[in-house]
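The structure appears right after this line, and notes come after that.
The values are calculated or read from the model by the stated rules, or taken from the named source; none is laboratory data. Predicted model, so just to flag it, every value in this text is computed and none were measured. A quick note on method: Cβ atoms are made from the backbone with ideal geometry, for glycine too, and the neighbour counts reach across all protein chains shown.
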Amino acid sequence: MKYLLIFCSVLLVSACVQQTISYKEIEHRTDASKDMVKAFGGKLKGKLQAAMKSGGPIAAISVCNEQAPLIAKELSEKSGWDIHRTSLKPRATKPDAWEKRMMEAFEKQKEKGDGFKRLFVQDIAEANGKPAFRFMQAIETKQVCLVCHGENIAPAIAAKIQELYPQDTATGFKLGDIRGAFSIVQPLDEE
Ligand code: HEC
């Protein structure tokens, strides 16, 4: 009975929320999210490549540790959205229930043969107790990522990661795995 009540109220909430947002707006918000992911990913890639080249992987860990959250914060402040990365096996940022469900669905899609281009999703769903437009896009594990997220991590790098992230679970990935996902929350009560 309790579950039926919860189920009905979820239906009611989503029905109410959906009325406030048209297909056109969903399309617009999806496109804007994709652009934001490109901007975020591009900035991260630039910083990571520069750091790996100039100081090697140990220095690059500090860049990921300091710069990744900083870039996410700057873009979030500029846009008024919450922009971050997360993973089913996180190093720093654990997923919420919705994010976990979406990433599990990405894994299933990938098993069935979908390429990374198709591994994104948009929905109206709650985030921190409020209805929001949410967007997620999977992130592919490339060769360079294996240095810090792969199966055979050099001892000095593993030690540095362990020091900064004692709860780390973001290792053991193989080339082409889903490393995690970009996640964007656009509040619906603003704009
Ligand atoms: C030099 C080491 C290093 C390399 C190389 C590296 N990462 Fe990371 N990665 C980190 C660190 C450190 C964090 C935690 C950052 C933070 O505190 O937000 C992280 C976090 C992440 C996260 C956020 C989710 C989580 O686990 O908390 C994703 C997604 C991610 N990395 C993907 C990648 C991908 C994709 C590549 C390759 C293009 C890559 N990383 C290369 C060190 C690295």
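Contact map, the stretch 52-77: first residue more than 9 Å from the ligand (Cβ to nearest atom), second residue of a type in the set (Asp, Glu), Cβ cut-off under 9 Å, separation 6 or more or different chains; pairs are Ser76/Asp82.
Any residue at all in the stretch 156-171 that is small (Gly, Ala, Ser), near the ligand (Cβ under 10 Å from one of its atoms), in contact with a Phe, Trp or Tyr (Cβ under 9 Å, 6 or more places away or on another chain) and closer than 13 Å to Lys89 by Cα? Spell out how you get there, then give the answer.
The initial filter retains those residues of the stretch 156-171 that are small (Gly, Ala, Ser), namely 156, 158-159, 170.
Pick out the ones that are also near the ligand (Cβ under 10 Å from one of its atoms) and you get 170.
Still in the list and also in contact with a Phe, Trp or Tyr (Cβ under 9 Å, 6 or more places away or on another chain): none.
Checked against the condition, which is being small (Gly, Ala, Ser), near the ligand (Cβ under 10 Å from one of its atoms), in contact with a Phe, Trp or Tyr (Cβ under 9 Å, 6 or more places away or on another chain) and closer than 13 Å to Lys89 by Cα, the stretch 156-171 yields no hits at all.
Check whether at least one residue in the stretch 84-96 is surrounded by 13 or more Cβ atoms within 10 Å (Cβ to Cβ), modelled with pLDDT under 95 and out of contact with any Lys or Arg (no Cβ under 9 Å at 6 or more places or on another chain), and report yes or no. No, there is no match, as no residue in the stretch 84-96 is surrounded by 13 or more Cβ atoms within 10 Å (Cβ to Cβ), modelled with pLDDT under 95 and out of contact with any Lys or Arg (no Cβ under 9 Å at 6 or more places or on another chain). Beta carbons closer than 8 Å, at least 6 apart along the sequence or on distinct chains, pair a first residue in the stretch 86-107 that is touching a residue at least 24 places away in the same chain (Cβ under 8 Å) and in a helix (DSSP H, G or I) with a second that is of a type in the set (Ser, Thr, Tyr) and crowded, with 18+ Cβ neighbours inside 10 Å for Glu99/Thr86; Glu99/Ser183; Met103/Thr86; Met103/Ser87.
Among the residues of the stretch 133-147, those identified as assigned to a helix (DSSP H, G or I) and either within 16 Å of Arg85 (Cα to Cα) or of a type in the set (A, V, I, L, M) (or both) are Val144, Cys145, Leu146, Val147. Inspection of the stretch 108-119 finds no residue satisfying the criterion of being in contact with a His (Cβ under 7 Å, 6 or more places away or on another chain) and not in a strand (DSSP E or B). Which of the residues belonging to the stretch 128-158 are more than 30 Å from Ile58 (Cα to Cα), free of Cβ contacts under 8 Å to residues at least 60 places away in the same chain and buried (at least 19 other Cβ atoms within 10 Å of the Cβ)? Listed by number, the residues that qualify are Ala132, Arg134.
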